[in-house]
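Peer 1: Take a look at the following structure, please.
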Ligand SMILES: [Zn+2]
């Protein structure tokens, strides 16, 4: 355990002790405005299936678990959501792992929800395990060491599984063609990574691809890339934490809070409380400035 995760663990314990997480959660619910939360997850291994079920059971008491269409009603003509008792909650999964197909999708369905699965077409098309693992090491997790990875970290879902999820009402989102870092790329490369990827996913699913999530860190993006994303996608999801407030936020730049299935119960509740969003406020502002997001 490194120093940062020790500090994080200490803060979570301290916040739980003084019930600061419960208080923040309560204040969050007092907002009368239509609002929602987007959760970002990665691998959802079978060994953590019951832990994920417990997280969903807990979350469904405090939020309305929805799908992308339901979430979009935050900006609807009649956002009759102002008096909704519970905020909307949307689950998203990055990279297109097979464990998302086999574990996460059926679990979400059992709670009446549907997810957004951000797929990397070149990863999904890897013809065998060796190539998938090489792709994972080279393009998705360059810091991983051989022997570190469990199969469920790097095994992709196939194009047929992607199509099946879409047919079951889940949304398939674009996560670039090759898990590219979207900084300083030429217009041609952006078109290839974003446009070609969107066309491929639309061909697999026979549906429009409305959602995009960029790769790597919150600031691994530039204004040109964001404009290219907006040409193809209505919803752009960032890896930057925050609640989504439909008065201030637009579908073209949405915040996501990372809450993994492996989190312990106190860590999970702390993450849902929204305390962590305070830490990310300056980054949200910098991102808006960097992308020159018009103020609505
Ligand atoms: Zn990714």
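We did not get these values from a lab; they are worked out from the coordinates using the rules stated. Keep in mind it's a predicted model, so treat the numbers as computed, not measured. Here Cβ is always computed from backbone atoms with ideal geometry, including for glycine, and neighbour counts include all displayed protein chains.
Peer 1: Calculate the spin-label point distance for residue 267 paired with residue 206, positioning each point 7 Å from the Cα along the beta-carbon direction, and give it in nanometres.
Peer 2: Computed distance between label sites residue 206 and residue 267 equals 4.2 nm.
Peer 1: For residue 282 paired with residue 227, estimate the spin-label separation in nm (one decimal), with each label point 7 Å from Cα along the Cα-to-Cβ line.
Peer 2: Result for the modelled spin labels: 3.0 nm.
Peer 1: Here's something else I'd like to know. Name the residue, out of 285, 269, 256, whose mean-square fluctuation peaks in a Gaussian network model built on the chain with Cα pairs under 10 Å.
Peer 2: Sorting by GNM fluctuation, first place goes to 285.
Peer 1: Return the single residue from 50, 98, 191 with maximal mean-square fluctuation; model: Gaussian network over the chain, springs between Cα atoms under 10 Å.
Peer 2: Among 50, 98, 191, the largest mean-square fluctuation in the Gaussian network model of the chain belongs to 50.
Peer 1: Hey, in the GNM for the chain with a 10 angstrom Cα cutoff, which one of 108, 89, 185 fluctuates hardest?
Peer 2: Between 108, 89, 185, it is 185 that shows the largest mean-square fluctuation.
Peer 1: Quick check on the exposure proxy: order 151, 178, 46 from fewest to most C-beta atoms within 10 angstrom.
Peer 2: If I rank by nearby Cβ atoms, fewest first, I get 46, 151, 178.
Peer 1: Right, another one. Evaluate the distance, in nm, between pseudo-label points positioned 7 Å from the Cα of residue 47 and of residue 143 along their respective Cα→Cβ axes.
Peer 2: Between residue 47 and residue 143, the simple spin-label model gives 2.1 nm.
Peer 1: Multiply the residue gap between residue 58 and residue 160 by 0.36 nm, knock off their C-alpha separation, and tell me the result in nm, one decimal place.
Peer 2: Fully extending the segment from residue 58 to residue 160 adds 33.5 nm.
Peer 1: Could you list 103, 120 in order of exposure, starting from the residue whose Cβ has the fewest other Cβ atoms within 10 Å?
Peer 2: 103, 120
Peer 1: Just want the ordering: 236, 126, from fewest to most Cβ atoms lying within 10 Å of their own Cβ.
Peer 2: Ordered by Cβ neighbours within 10 Å, fewest first: 126, 236.
Peer 1: Taking R0 as 25 Å, what FRET efficiency do you get between residue 77 and residue 289 from their Cβ-Cβ distance, rounded to the nearest 0.05?
Peer 2: 0.25
Peer 1: Provide, in order from the shortest bin, the percent of all Cα-Cα pairs of the chain in each 10 Å bin, continuing until the bin that contains the maximum pair distance.
Peer 2: Answer for the chain: a P(r) of 6, 28, 37, 24, 5, 0 percent.
Peer 1: How big is the Rg/Rh ratio for the stretch 63-189, C-alpha atoms only, Rh by Kirkwood, two decimals?
Peer 2: 1.05
Peer 1: Once the piece of chain linking residue 183 and residue 111 is laid out straight, how much longer is it, given 0.36 nm per residue of separation minus the C-alpha distance between them?
Peer 2: Additional length available on full extension: 22.1 nm.
Peer 1: Hey, what number do you get for the chain at 222 nm if only DSSP H runs of n ≥ 4 count, each worth -39500 (n - 2.57), divided across all residues, to the nearest 500?
Peer 2: -11500 deg cm²/dmol
Peer 1: Rounded to whole Å and sorted largest first, list the principal axis extents of the Cα atoms in the stretch 141-198.
Peer 2: Principal axes ranked by extent give 36, 36, 13 Å for the Cα atoms.
Peer 1: Separate question: So if I average 1/r over every pair of distinct C-alpha atoms in the stretch 136-233 and take the inverse, what Kirkwood radius in Å does that give?
Peer 2: 14.5 Å
Peer 1: Where the centre of each part is set by its Cα atoms, how far does the stretch 100-138 sit from the stretch 215-277, in angstrom?
Peer 2: So the two Cα centres are separated by 19 Å.
Peer 1: Give, in whole angstrom and from largest to smallest, the semi-axes √(5λ) of the equivalent ellipsoid of the stretch 194-291, with λ running over the eigenvalues of the Cα gyration tensor.
Peer 2: Those come to 26, 18, 12 Å.
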